[in-house]
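The values are calculated or read from the model by the stated rules, or taken from the named source; none is laboratory data. Everything numeric in this text was worked out from a predicted model, so none of it was measured. Here the Cβ positions follow ideal geometry from the backbone for every residue, glycine too, while neighbour counts run over all protein chains shown.
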Amino acid sequence: MLKIKKKGNKINVLMCAAECVPLAKVGGLADVVGSLPAALTKEGITTRVLMPAHGTISLKRLKARRIIDFTVSAKGKKEKVLIYEALVGKTRFYLLHNKNYFRGHVYDGDNSEKYLFFCRAALEAIKLLPFKPDVIHAHDFHTASIITELGALKRKERPGLILTIHNLRHQGQTELAGLVDYGFNPDSFPAKAITEKNNKRILNILGAGILRADTITTVSPNYAKEILTPEYGYGLEKILRFRSKDLVGILNGIDVKEFDPKTDVRLARQYKAQTVKTGKSINKEAVLSYFKMESKQLPLFVFIARFSGQKGLDLLDAKLLSALNEQYPFQLILLGTGEKPLEKLAVEISEEIGEQARTLVAFDETLARSLYAASDFFLVPSLFEPCGLTQMIAMRYGSVPLVRATGGLKDTVIDGQTGLVFKRYSSEAFLASFKKALVMYYKDNRKYDCIQANCLKQDWSWDASAPLFAKLYKKA
């Protein structure tokens, strides 16, 4: 039986997620789940984070305390689950350990099965934990089945349920009959989330969670509008339109203490708005030296992202950029890992441009910080971008973002004021904006300085968004 804490002035929220900084990170989801709890504390919200104890997490290093053991059935076997509690910074975590399902990385193998098991284990853990939530806040499809099962209960028998969509493209698909393997009743799942394929009934895991949540949020106001359309809905637009009155777009924030050029120890030189020119110049020299690139005081463009189809790397036409480099010399650095064909493309782009370009296929947080601080322009030419955090971080470090008008990029970057924006997803549109940046840098430096100054003034903390979540929790 699920015990519900009686509501008072204080509200308990249990965040359920696949990843969270500083314990495990693949994408922006981890940054959000890692930074939001601290901001919620100011709103009188007590938060705990429930996530898998992935094999990449050292429980010993965290000094995690084993508090509860239990078993769940999965595929006809009894699986032992251990709950560890750890305080990391000011956030308290509950980490679910299982030697079979959580021994690897955040995402590997069959993620649908892995996270169905996590949801089953989480549902049992919620009954046993000393922390009794008023609200369960789940993130993406990995934890959506927690929402789906609890949402079938009467409202007075369960906590409030909020589901945040960070990236609608990742939905989770599984054969309906296979849900029995993880203790779920296939007949209890909403029919609107089930389709027929090759004579099999297939459940859309995220779709089911959307149908059962009390409130659905996305990570920017514009993305909340976009996902109601076929272009961005990825097959769930009808379900989302059905739930549109309960759909809210709340812009993500960043940890402004973590991303602060005044105190960032990773930089060759810390700086503030008044010393941005000197600070960025010193950081640029350090970066160019690291990449063995000649220092010519050229504008430096940087691309930092997962190399995936979403991020717009294919818009960087190497031949066109190389030709433009003859007219307006620039330097370009690409940093990231991802899909092998795109890793190869990134290397080919820098090789085509020549000595003024480099690609490093790696994930390196320290180097990324240096690139934010060194760059003059930051490229985010995404096909779609639910929110985007890198453009916020870039502005924080005085790098002018060049972005496509989609999702949260449209909410956060104003063309000609806090960056450069292009609309059509094409190499030609991107190149026109890229050239516009170069012309401004070489011929209208005063305008560049004005845009850079505006970037540095932006407040991307959770101060505006955390109260909106607090309001939703109180309503739930």
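Just checking, which of L371, L360, L383, L345 is among the hydrophobic types (A, V, I, L, M, F, W, C), part of a strand (DSSP E or B) and either within 21 Å of the chain's Cα centre (by Cα) or modelled with pLDDT of 95 or more (or both)? Going through L371, L360, L383, L345 in turn, the sole match is L360.
Looking only at region 276-331, count every residue that is part of a helix (DSSP H, G or I) and either under 17 Å from G398 (Cβ atoms) or not small (G, A, S) (or both) and tell me the total. Before the answer, list the steps.
Step one: filter region 276-331 for residues part of a helix (DSSP H, G or I), giving 276-290, 309-311, 313-315, 318-327.
Add one more test, that the residue is either under 17 Å from G398 (Cβ atoms) or not small (G, A, S) (or both), and what stays is 276-288, 290, 310-311, 313-315, 319-321, 324-327.
Residues that pass the stated criteria total 26.
Results for (1) outside the structural domain of V219 (by TED's automatic domain parsing); (2) on the phi > 0 side of the Ramachandran plot; (3) more than 24 Å from the chain's Cα centre (by Cα), shown as yes or no for each residue.
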residue: L247; (1), (2), (3): no, no, no
residue: E258; (1), (2), (3): yes, no, no
residue: K262; (1), (2), (3): yes, no, yes
residue: R266; (1), (2), (3): yes, no, no
residue: T278; (1), (2), (3): yes, no, yes
residue: N283; (1), (2), (3): yes, no, yes
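Scanning region 419-468 for residues that are within 30 Å of E43 (Cα to Cα), in contact with a Phe, Trp or Tyr (Cβ under 9 Å, 6 or more places away or on another chain) and in a helix (DSSP H, G or I) turns up C455, L456. When we screen A346, A368 for residues that are small (G, A, S) and under 23 Å from Y425 (Cα atoms), the only hit is A346. Residues of region 329-382 that are in contact (Cβ under 8 Å) with a residue 24 or more places away in the chain and of a type in the set (K, R): R358, R369.
Yes or no, residue by residue, for (1) of a type in the set (K, R); (2) closer than 27 Å to V421 by Cβ:
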position	(1), (2)
L321	no, yes
P329	no, yes
G336	no, yes
K344	yes, no
I349	no, yes
I353	no, yes
V361	no, no
S370	no, yes
S375	no, yes
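Of everything in region 32-58 that is surrounded by fewer than 16 Cβ atoms within 10 Å (Cβ to Cβ), of a type outside the set (S, T, N, Q) and at negative phi, the residue that is modelled with the highest pLDDT is G55.
Mind listing whichever residues of region 302-317 are aliphatic (A, V, I, L, M) and closer than 19 Å to R369 by Cβ? If the condition is that a residue be aliphatic (A, V, I, L, M) and closer than 19 Å to R369 by Cβ, then V302, I304, A305 are the ones that fit.
Only one of the listed residues (F330, F259, F303) is closer than 30 Å to G233 by Cβ and of a type in the set (F, W, Y). That residue is F303. Restricting to region 387-427, name every residue that is more than 23 Å from D317 (Cα to Cα), hydrophobic (A, V, I, L, M, F, W, C) and in contact with a Gly (Cβ under 6 Å, 6 or more places away or on another chain). Those that are more than 23 Å from D317 (Cα to Cα), hydrophobic (A, V, I, L, M, F, W, C) and in contact with a Gly (Cβ under 6 Å, 6 or more places away or on another chain): C387, L389, V413.
Taking the criterion of being outside any helix (DSSP H, G or I), of a type outside the set (G, A, S) and either closer than 28 Å to Y232 by Cα or without any contact (Cβ under 8 Å) to a residue 12 or more places away in the chain (or both), the residues of region 172-193 that qualify are Q173, T174, E175, N185, F189, P190. Within region 348-357, if we keep just the residues that are surrounded by 18 or more Cβ atoms within 10 Å (Cβ to Cβ) and outside any helix (DSSP H, G or I), the residue that is farthest from the chain's Cα centre (by Cα) turns out to be Q356.
Evaluate the following for R169: is it within 28 Å of A53 (Cβ to Cβ), among the basic types (K, R) and not in a helix (DSSP H, G or I)? Against the criterion (within 28 Å of A53 (Cβ to Cβ), among the basic types (K, R) and not in a helix (DSSP H, G or I)), R169 qualifies. Consider region 49-102 and keep the residues that are among the basic types (K, R) and under 23 Å from the mean Cα position of the chain (by Cα). The one that is nearest to K132 (Cα to Cα) is R92. Looking at region 430-442, which of the residues that are of a type in the set (A, V, I, L, M, F, W, C) and touching a residue at least 40 places away in the same chain (Cβ under 8 Å) is surrounded by the fewest Cβ atoms within 10 Å (Cβ to Cβ)? Taking the candidates together, the pick is V439.
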